[in-house]
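The values are calculated or read from the model by the stated rules, or taken from the named source; none is laboratory data. Since the model is a prediction, treat every value here as computed from it, not as a measurement. Calculation scope for accessible area: heavy atoms of the full protein, side chains included, ligands and nucleic acids excluded. Shrake-Rupley method; radii C 1.70, N 1.55, O 1.52, S 1.80 Å.
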Amino acid sequence: MTEVLYRSSFDPPLHNAVEGLDFLFHPESIALVGVSSNNDSPINGMFLTPLLEFGFKGRLYLVNPRGGEIMSMKVYPSIKDIPGKVDYVISTVPAKYSIRLIEDCIVKGVKAIAFYTAGFSETSKMEGIVLEERITKLAREGEIRVVGPNCMGIYCPSAGLSYWPEFPKESGKVACLCQSGGNSIHLVWMGVPRGIRFSKVISFGNAVDIDESELIDYFAHDPDTEIIAAYIEGIKDGKRFLKALGDAAKMKPVIMLKAGCSESGTRAAAGHTGSMAGDDSIWDALCKQMGIVRVLSMEELTDMIVTFLFMPPIQGRNAGIVTVGGGVSVLAADECERYGLHVPPLDREIKDRLCEFTPIVGNILRNPVDSQLVFSDQRQFANTIKIISEWNQIDFLISPLIGGVPLPSGPLMAFDVIADTIPQWNTPSLKPIAMIVQASTRPEIAHNAFLAQERFASAGFPVYPTVGRAANAISKFIEYHRIKKI
């Protein structure tokens, strides 16, 4: 794994990541080059609109050779025509104009350029490869840092930076480096109803200069970041990457999605960001050795972030389950066992406590507990969860509450009661509780499920769409903390 998996003709020099990249996420001035005179253009929607809606507090300049005005803002024909200094340039111009843009940026004293533009090495065509090498060499000579090309750039809520208008404006504790722009958008959106908020996200594309190693090093030392998530297709320098990854894993949880490990995935990665991938077994061994949490999909990446955000360290693998429906109970137990969790039988003392308010008919007081009180007495259903969560034979509790339930108003009411009640108990004996809010093909239930996810997340619960995904994430979470103790 210490071999160089992919190396550009012009490898970027080593930088002090903490000092060298902070300006990138907090620029004092931005020039958006290639802005469209059409207010409704996709380019404006991705870059101009978010900067305005997020309230970027620095100076914002627009550049288009035609000049004029857009949204009552002056448009300059070139970077060189801007009267003030420019820290950061977002370029949406075609690749063939990239050399001239860098030359103008050097004259202007620009610190960094993010190239949304594609058409470079990811095309596998010689002209694109040569052009990428030329802009890399020219930018280095002009001491300009480059994000991309072929990327979305930076999302940093605290600085008012975003490349999507409807991203959350609140900052969080998670940083993400993502070689894919589309996957970075997908990750942010998947995390919204489940309470994930990001300190910083960077889509870095072909990584001709700022690469995965430098970003991991930066996030490891970033005081605003507590969890590092990474989607990586290829590595520029194996030794440098191992050093950055190993150092980061000692400081913070690192969750890694390494794409392009299969033969077909490797081909796809090369055509996406010009990256070469590594062998799957090597990546698996590397993550285990370093204490990295490896995931295999964007959905699993989201699940692991949720777990690290909302779950305290869990001492063991014994699970309590409280749900609605006999079949759901059986499947939930199977899923837990499948991922190495245990579902111990309920003891007599707990059964007796539940029998004080739970009718025998229609309810199964074992583990899993099948309680129909969700339909008739939501507060006693919440009390059932409390009693099970205090049971000394389990380490955590899983509660699947939706899955073909025919009365959408009842479960939603139960969600509200549980979300309001359980955090107020706050007793030392209360075990961590994972809430399962399953999707539905019925629009009214699906809407309620979305609201329930947000409701639980705002109350501090980890929320998952299925028991299997929760069990998988919790199992990996337990293993992570076990290894950390060694």
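Would you please give the residues with an amide H less than 5 Å from that of VAL75, counting only those at least 5 places away or on a separate chain, with H modeled from the backbone geometry?
Residues meeting the criterion, in which the H sits 1.01 Å from N, are GLY68, GLU69, ILE70.
Quick one: 3J(HN,Hα) in Hz for the range 339-350, Karplus 6.51/-1.76/1.60 with θ = phi - 60°, rounded, Gly and Pro as x.
9, x, 9, 10, 10, x, x, 5, 8, 4, 4, 5
Given H placed 1.01 Å from N in the peptide plane, which residues other than close sequence neighbours of GLY320 have an amide H under 5 Å from its amide H?
Counting only residues 5 or more places away or on other chains, the set is ASP395, PHE396, LEU397, ILE398.
Compactness ratio of the range 179-259: Cα Rg over 2.2 N^0.38 Å, N = residue count?
Numbers: Rg = 12.4 Å, N = 81, 2.2 N^0.38 = 11.7 Å.
My calculation over the Cα atoms of the range 179-259 gives 1.06.
Hey, what do the phi angles of the range 471-478 turn into as Karplus ³J(HN,Hα) couplings, whole Hz, using 6.51/-1.76/1.60 and θ = phi - 60°, x for Gly and Pro?
Each residue's phi maps through the Karplus curve to give 4, 4, 5, 5, 4, 5, 5, 4 Hz.
I'd like the carbon and sulfur percentage of the solvent accessible area for the range 72-162, probe radius 1.4 Å, heavy atoms only, ligands and nucleic acids excluded.
On the way: 1950 of 3750 Å².
The C+S portion of the solvent-accessible surface of the range 72-162 is 52 percent.
In terms of modelled amide H atoms, which long-range or inter-chain residues lie less than 5 Å from the amide H of VAL147?
HN-HN under 5 Å from VAL147: ILE113, ALA114, PHE115.
Treating cross-link reach as a plain straight distance, find the lysines whose alpha-carbon is under 16 Å from the alpha-carbon of LYS431, omitting any fewer than eight places away in the same chain.
Of all the lysines, those that pass the test against LYS431 - Cα under 16 Å, at least 8 places apart if same chain - are LYS386.
In whole Hz, with x marking every Gly and Pro, tabulate ³J(HN,Hα) for the range 76-83 from phi via Karplus 6.51 cos²θ - 1.76 cosθ + 1.60, θ = phi - 60°.
8, x, 8, 4, 5, 7, 5, x
Filter the cross-link list LYS125/LYS243; LYS125/LYS236; LYS173/LYS250 down to pairs whose alpha-carbon distance in this structure exceeds 22 Å. Let's see the in-between values first.
Details: LYS125/LYS243 32 Å; LYS125/LYS236 19 Å; LYS173/LYS250 17 Å.
Checking Cα-Cα distances, LYS125/LYS243 exceed 22 Å.
Could you state the number of Å between the C-alpha centres of the range 345-390 and the range 287-315?
31
What is the distance in Å between the Cα centroid of the range 444-463 and that of the range 94-148?
If you average the Cα positions of each part, the centres end up 44 Å apart.
Considering all projection directions equally, how large on average is the shadow of the alpha-carbon convex hull of the range 130-201, in square nanometres?
Numbers: hull surface 22.2 nm².
Spelled out: convex hull of the Cα atoms, projected over all directions, averaged, 5.6 nm².
For the chain, just the Cα set please: Rg and Dmax, both in angstrom.
Rg, Dmax (Cα atoms, Å): 25.3, 81.
Which translational diffusion coefficient, to the nearest whole µm²/s, is obtained for the range 37-146 from the Stokes-Einstein equation, given a Kirkwood hydrodynamic radius over C-alpha pairs, 4 °C and 1.567 mPa s? The partial results should precede the final answer.
Values: Rh = 14.9 Å.
Answer from the Stokes-Einstein relation: 87 µm²/s.
Measuring from centroid to centroid over Cα atoms, what is the spacing of the range 238-255 and the range 194-213 in Å?
Each part's Cα centre sits 15 Å from the other's.
Note the per residue figure in Å³ for the convex hull of the C-alpha positions in the range 440-486. All intermediate terms of the calculation are to be shown ahead of the outcome.
Numbers: hull volume 2.9 nm³, N = 47.
Once divided by residue count, the hull of the range 440-486 is 62 Å³.
In Å², and per residue, what accessible area does the chain have when probed at 1.4 Å with the other protein chains present? Intermediate results must be reported in sequence, preceding the final value.
Working: 19770 Å² over 486 residues.
Per-residue value: 41 Å².
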